[in-house]
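Chemist: What follows is a structure written as structure tokens; I'll ask about it next.
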Amino acid sequence: MRKIDLTNFQVATSETARDINRRIVLNLIRSQQPISRADLARHSGLQRSTVSVITEQLIEERWVTEGANGHSARGRRPRFLHLNKERVGIIGVNIRPATTTVALADLDGHFVAQESLPTAQNPEQFVAKLSPLLCSLIKMRPEISCEGIGVSLPGRVDLDSQRLVFAPNLGWSDFDLKVPLEQATGLSVELENAANACALAEIWFGRHAEGVQNLVAVTVSEGIGSGLILNHQLVRGSTGMAGEFGHITLVDDGLECRCGNQGCWEVYASNSAAVRYYTRSSSPGQNGKGGARSLGQVPNFDDVLRLAEQGDPKAVDAINEMARYLGMGISQLVTGLAPDVIVVVGEVTRLWSQIGPVITETVKSHSFTHAGTRIVAADPSGQPRLLGTIALVLQKHFGAPLVA
Ligand SMILES: [Zn+2]
């Protein structure tokens, strides 16, 4: 139960009830399609006549289409209802330090077009290159009308000003990304932290989404981020900065972090940590055959991951050490929040059969609560960061309305 916020409430009108029922019907069609009106009435508990009024309205507004006739033992054969997935297109933008991906998706979260561009060091130059690409994507499929743009960022957005305020991995500081993109495209732009976007992707499109109330997405890349969904709601905190678990202190007087503190979780469990563990064990005098030195350059995380996949013992050790530290941080999330599920997102999940057991064991030995939290890897082919940007825009139409 939630306390009514007397500084920010809405009284119920007859429109409120209609809106709630309409969203329930729309979501039932989304999850159960194809579905007949009779089944919608059964699943929702609404009167058949109410279901008819709502579905007629949804068909008129092109959210829903009628498909083939179903079977019936006697009487009129019911017509099945589907989500009209081409009614609305959503543009997703996934900004990462090296590369930015842009895509056009339909209502089902399927990408119908996708392109990428290098992420510029200078945010003004980046916007100048991104804007025309977005405009050409919008025009590419004229039959799809675009509803909005979702952007996922390795950084934080100020809740009031909607400006990007903290993006150390991009090297951008206090920058307005929203207004110039809205001016260039004529569409509304929603910005979201990458870990939050991944949590939304799991809730809206994930394999275990139904019935999950509490989910944490842990993104593992150049840094570590976490997106928290508690009681079905994204947790933002008072400033929009909630979820910076990557910067909790894991090691007293530990190595220095980019945030200015020492011993942060991400210094020990991110991709760059694995590279450090590998390089340390492969330093001159210790380097064996098949090491990164044979690649003729300083290894990056892809090299270490590939070597570990090939069974190189030093690379396997480096990834296992990274996994142990991942487990230590995750055990704090399990002990503190007891979520239903923690989803790990990142390239390292390619080795899930190796690191999954290390993480689980570490969590077991560090968390006394034994919460029944499932720890799983995100499907890397599902492009969770990009899918989360689609969920950002989608939830405006399909999310639960805020009442009272
Ligand atoms: Zn830090």
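Chemist: Taking the 0 to 90 degree range and rounding to the nearest ten, how far is the long axis of helix 384-398 tilted relative to the main principal axis of the chain, both from C-alpha atoms?
Modeler: 30 degrees
Chemist: Can you give the alpha-carbon Rg of the stretch 161-263 over 2.2 N^0.38 Å, where N counts its residues? Kindly include the intermediate steps, with their values, before the conclusion.
Modeler: Numbers: Rg = 15.8 Å, N = 103, 2.2 N^0.38 = 12.8 Å.
That works out to 1.23 for the stretch 161-263.
Chemist: While we're looking at this one, here's another question. For the stretch 251-258, what does the Karplus curve 6.51 cos²θ - 1.76 cosθ + 1.60, with θ = phi - 60°, yield as ³J(HN,Hα) per residue in whole Hz, taken in order and with x for Gly and Pro?
Modeler: 10, 4, 6, x, 5, 6, 10, 4
Chemist: Angle, helix 271-281 long axis vs. longest principal axis of the chain, Cα atoms, 0 to 90°, nearest 10?
Modeler: 20 degrees
Chemist: Another question, then. Hey, rough spin-label estimate for Q354 and R280, points 7 angstrom out along Cα→Cβ, what's it come to in nanometres?
Modeler: The answer from the label model is 1.8 nm.
Chemist: Another question, then. Would you compute, from DSSP H runs of 4+ residues alone, the mean residue ellipticity of the chain at 222 nm, taking -39500 (n - 2.57) per run and dividing by the full residue count, rounded to the nearest 500? Could the numbers behind the result be given before it?
Modeler: Values: 12 runs with 158 residues, N = 404.
Computed ellipticity for the chain at 222 nm equals -12500 deg cm²/dmol.
Chemist: Give the calculated FRET efficiency between R2 and A113 to the nearest 0.05, with a Förster radius of 60 Å applied to their Cβ-Cβ distance. Before the final figure, lay out the partial values.
Modeler: Details: r = 40 Å, r/R0 = 0.67.
Step by step, r from the Cβ atoms, then E = 0.90.
Chemist: A further question follows. Along the Cα→Cβ direction, 7 angstrom out, place labels at Q47 and R62. What is the inter-label distance in nm?
Modeler: 3.2 nm
Chemist: Using DSSP to call loops (not H, G, I, E or B), can you name the trypsin sites (Lys or Arg not before Pro) in the stretch 29-130 whose Cβ has at most 11 other Cβ atoms within 10 angstrom? Walk me through the intermediate numbers first.
Modeler: Details: sites: R30, R37, R42, R48, R62, R74, R76, R79, K85, R87, K129; in loops: R62, R74, R76, K85, R87.
Of the trypsin sites (Lys or Arg not before Pro), the ones in loops of the stretch 29-130 whose Cβ has at most 11 other Cβ atoms within 10 Å are R74, R76.
Chemist: Still on this model: Is the stretch 319-404 best put as rounded, prolate or oblate by its Cα gyration tensor, with a ≥ b ≥ c the root eigenvalues, rounded for a/c under 1.5, and otherwise prolate when a/b is larger than b/c, oblate when not? Walk me through the intermediate numbers first.
Modeler: On the way: a/c = 3.40, a/b = 1.49, b/c = 2.28.
Since a/c reaches 1.5 but b/c is at least a/b, the shape of the stretch 319-404 is classed as oblate.
Chemist: Here's another thing I want to ask about it. How many nm is it between the label spots at L230 and Q395, if each spot is 7 Å from the Cα in line with the beta carbon?
Modeler: Between L230 and Q395, the simple spin-label model gives 1.6 nm.
Chemist: Next up: What's the angle, to the nearest 10 degrees (0 to 90), between helix 48-60's Cα axis and the longest principal axis of the chain?
Modeler: The answer is roughly 70 degrees.
Chemist: Here's another thing I want to ask about it. Taking only the alpha carbons of the chain, what extent do you get along each of the three principal axes, in Å, biggest first?
Modeler: 82, 50, 48
Chemist: List the lysines whose Cα lies under 30 Å from the Cα of K314, skipping any in the same chain that are fewer than 8 positions away.
Modeler: The qualifying lysines are K289, K364.
Chemist: Let me know the shape class of the stretch 116-201, please: from the alpha-carbon gyration tensor, a ≥ b ≥ c as square roots of the eigenvalues, rounded when a/c is under 1.5, otherwise prolate if a/b is greater than b/c, or oblate.
Modeler: Working: a/c = 1.77, a/b = 1.41, b/c = 1.26.
It is prolate, given that a/c is not under 1.5 and a/b is the larger ratio.
Only the coordinates and a few stated rules stand behind these numbers; no lab work does. Keep in mind that what you see is a predicted model, and the values were worked out from it rather than measured. Note: ideal-geometry Cβ built from the backbone for every residue, glycine included; neighbour counts use all protein chains shown.
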